[in-house]
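Encoded as C-alpha cells, the structure appears first; notes follow it.
The values are calculated or read from the model by the stated rules, or taken from the named source; none is laboratory data. The structure displayed is predicted, hence computed values, not measured ones. Virtual Cβ from ideal backbone geometry, glycine too; neighbours counted across all protein chains shown.
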Amino acid sequence: MKTVADIKEAIKVKEINLTPVTEKVVEIWVCDMIGEGRTDRVSELSRVVFEKTHGEPLFVNQFLQTLRVDKLLVRNGVWKWNIADIKS
C-alpha cells in the first residue's frame with residue numbers, strides 16, 4: 001500500500017494551507033454567492049455562517065452547499081431563507 005509520502009514522491013503535489021477568513025470575508029462570499037449587496041438580512045446570514053464554520057474556508061463552502069441541499073437556502077426568483085432554521 002502506498003503512503004502519502006510515496007504518492008508525493010511519485011507525482012508533483014502542492015500543499016496549501018488555508019487559514020480562517022474574517023467575518024467580513026464570509027459576508028463578501030455570501031453576497032457574491034447570492035448576488036445581493038450587503039443588507040441587514042445578508043449580514044445576519046453571513047454572521048451565522050461565520051459562527052457555524054469559524055471562518056474555515058472549506059467549512060464555509062460546505063456549509064453553504066449543505067444549506068442549499070437541505071433547502072434552507074433556496075432561490076425562487078430571489079434567495080430566501082429562515083435564519084432561525086439555519087441557526088438550529
Of all residues in region 8-27, which are part of a helix (DSSP H, G or I), among the aliphatic types (A, V, I, L, M) and surrounded by 14 or more Cβ atoms within 10 Å (Cβ to Cβ)?
Val25, Val26
Mind checking whether some residue in region 28-35 is surrounded by 13 or more Cβ atoms within 10 Å (Cβ to Cβ), over 10 Å from the mean Cα position of the chain (by Cα) and closer than 21 Å to Ser88 by Cβ?
yes
Among the candidates Ile28, Ile16, Ile83, which residue alone is at pLDDT below 95 and on the phi < 0 side of the Ramachandran plot?
Ile16
Of the criteria (1) under 17 Å from the mean Cα position of the chain (by Cα); (2) surrounded by fewer than 14 Cβ atoms within 10 Å (Cβ to Cβ), which one Trp81 fails
(2)
Just need a number here: residues in region 28-58 that are more than 17 Å from Lys80 (Cα to Cα), among the hydrophobic types (A, V, I, L, M, F, W, C) and either assigned to a loop (DSSP other than H, G, I, E, B) or touching a residue at least 24 places away in the same chain (Cβ under 8 Å) (or both).
2
